[in-house]
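Encoded as structure tokens, the structure appears first; notes follow it.
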Amino acid sequence: MNQGPDDTDEMLGFGLEKYEKLKSELKAAKKHRSIEWFAPYKWQVDFVEATKDNKQLALFAANRVGKTEISCSMLSYHLTGDYPHWYDGYRFDGAITAMACGITGDQIRDVLQYKLIGEIDLLEGKFMGQGLIPTEKLGPYITSTGTKNLLKEIHIKHKNGGYSKLLFRSYEQGPAIIRGMSLDWIMIDEEPSYDPMKFYAECLARTATGNKNKGGFVVLTFTPENGVTELVDMLLNKRSDGQFVMTVGWDRAPHLDEKTKQQLLKAIPRHLISAKTQGIPNFGDTQVFKTPEDELLIDPFEIPNHFRLLAACDFGIRHPFACVFVAHDVDRDVIYIYDGFRASNEVPPQHAHRIYKKQKQIRVIYPHDGENREKGSGETLKSYYVDAGVNMYRPFSNPDDTNFVEPGIMELELRMQEGRLKVFKHFHEWFDEYRKYHRNPRNGKIVKDGDDLMDATRYAVISVPRFGQKKSELGQEYTGVLYPELNY
């Protein structure tokens, strides 16, 4: 069949019309169902996963890394019951009652309400879209009498039937505003400005009978600009079972390019740099190491064959297992921390697999508790790793055969200040611990929480001049599969 000019024009016209229609539908979908386009970073996925085992979660984050996006996205999923395929955290089985808290009514309206609900025309009673809660899910609402265009509460359609309820409250009203409530989920955005510990304690009381008497959740996301307050101190230094804390800095926000970071950095007061760029409160004089981390950073390079290599581990019994790999340039006396890992809820064969993947048969220094024997089996902790193929070389000791911590700390600090200790900049976990490594201000002792990589680093750096082996003696990195049933 021949096709004339008129037929072609008609077909092109139909195609263009269909394209414009699809384009319009996509634009509307992005405006009214923006949650479907949320693509989380790995750290955001990990934060969500932590809700499976913890009911109190805190995210100490730098500015503009996505802390509000993940907390509001989690809340949207719970309110609607529509969980994405990647979501591997706690799931409610029905409608919930939740509360989103902010500093002031204006801040709640401009940040939390806008992020969750989007634009609102209260005069016309219309939802204009742009929020993380789909527009078609938004139901009846009550407006606030104190702040213009602020909602006091709104009902959200749940996929299993009924409505979830979302309340907006500000800290400036004090903890009394939530007394008597039973809540399933409380989102705290920015640290409470009115007696933080008292407000937080009230939140815990309100969620105690939430989630059908199984206990609700309290999620804090804020930039710790006020330093080590009583609330921050409790979460960092006195954490108990069921509490989870994550810190996130600019290095985990790929959407921030170097030019943007430098522009932001120029406007940040010096005493707030660690909080606003790394999500770490300023520990001041209590910080163990004083060397700025940018003086430690170095781009990764291929380790020369004449460098001496060594690894050291810190066993994870009630805390994560950690392992650090170092390379010693003997000629210049410079030690490089070139790799490592921290792992929770894993067994010795899994740790062994990770070590083999880094460097086959590298010597591993371990703490003295590796020699302790179990009461039941009579086996030492070290033996499990030896059986798994790890070259567990010897327990750690200082050059004078003591195990004191402070001489090692002084040696590390001296090397840092003299430029004789460098860290490959891809080792994000190491820098996370370095920033938080601090002393208890009351007794001066190092806080033994979140220090696993720091302990392993001390063992490795102090030991490599004595026990390191040339890379050429170890052969190439292990590239096979030692335990094929283990997937990472």
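The values are calculated or read from the model by the stated rules, or taken from the named source; none is laboratory data. Remember, predicted model here, so these are calculated numbers, not experimental data. With ideal geometry, Cβ positions are generated from the backbone for all residues, glycine too; neighbour counts draw on all protein chains shown.
Assorted remarks:
- Enumeration of residues in the range 150-164 that are among the charged types (D, E, K, R) and within 14 Å of Cys101 (Cα to Cα): Lys152, Glu153
- Count of the range 362-381 residues, restricted to those that are surrounded by 15 or more Cβ atoms within 10 Å (Cβ to Cβ) and closer than 21 Å to Val461 by Cβ, is 7.
- Residue selected from the range 139-180 under the condition aliphatic (A, V, I, L, M), surrounded by 18 or more Cβ atoms within 10 Å (Cβ to Cβ) and over 29 Å from the mean Cα position of the chain (by Cα), by the criterion nearest to Phe92 (Cα to Cα): Ile154
- Scanning the range 118-138 for residues that are farther than 20 Å from Tyr83 by Cβ and surrounded by 12 or more Cβ atoms within 10 Å (Cβ to Cβ) yields a count of 8.
Table: residues versus (1) over 14 Å from Val288 (Cβ atoms); (2) assigned to a strand (DSSP E or B).
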position: Gly389; (1), (2): yes, no
position: Arg394; (1), (2): yes, yes
position: Pro407; (1), (2): no, no
position: Glu411; (1), (2): no, no
position: Val423; (1), (2): yes, yes
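- Qualifying residue in the range 54-69 (condition: at pLDDT 95 or above, of a type in the set (Gly, Ala, Ser), part of a helix (DSSP H, G or I) and buried (at least 18 other Cβ atoms within 10 Å of the Cβ)): no
- Lys261 touching a helix residue (DSSP H, G or I) at 6+ places or on another chain (Cβ under 9 Å), surrounded by 15 or more Cβ atoms within 10 Å (Cβ to Cβ) and farther than 23 Å from Ser193 by Cα: yes
- Test set (1) out of contact with any Asp or Glu (no Cβ under 6 Å at 6 or more places or on another chain); (2) surrounded by 16 or more Cβ atoms within 10 Å (Cβ to Cβ) - Gly102 fails condition number: (1)
- Within the set Ala100, Ala50, the sole residue that is modelled with pLDDT of 95 or more, assigned to a strand (DSSP E or B), closer than 30 Å to Lys436 by Cβ and not polar (S, T, N, Q) turns out to be Ala100.
- Against the list (1) at pLDDT 80 or above; (2) within 29 Å of the chain's Cα centre (by Cα); (3) closer than 26 Å to Gly227 by Cα, the condition Met410 fails is (2).
- Condition met for Ile268 (at pLDDT below 90 and over 29 Å from Gly444 (Cα atoms)): yes
- Apart from one condition, Leu414 fits all of (1) within 27 Å of Gly468 (Cα to Cα); (2) in contact (Cβ under 8 Å) with a residue 12 or more places away in the chain; (3) hydrophobic (A, V, I, L, M, F, W, C); the exception is (2).
- Number of the exception - Gly242 against (1) assigned by TED's automatic domain parsing to the domain that holds Pro320; (2) farther than 17 Å from Leu453 by Cβ; (3) out of contact with any helix residue (DSSP H, G or I) (no Cβ under 6 Å at 6 or more places or on another chain): (1)
- Among (1) in contact (Cβ under 8 Å) with a residue 40 or more places away in the chain; (2) at positive phi - the single one Leu57 does not satisfy: (2)
- Of the candidates Gly419, Gly480, Gly450, Gly444, the single residue that is part of a loop (DSSP other than H, G, I, E, B), buried (at least 20 other Cβ atoms within 10 Å of the Cβ) and either under 30 Å from the mean Cα position of the chain (by Cα) or modelled with pLDDT under 90 (or both) is Gly450.
- Between Leu256, Leu235, Leu309, the distinction of being within 30 Å of Ile462 (Cβ to Cβ) and surrounded by 17 or more Cβ atoms within 10 Å (Cβ to Cβ) belongs to Leu309 only.
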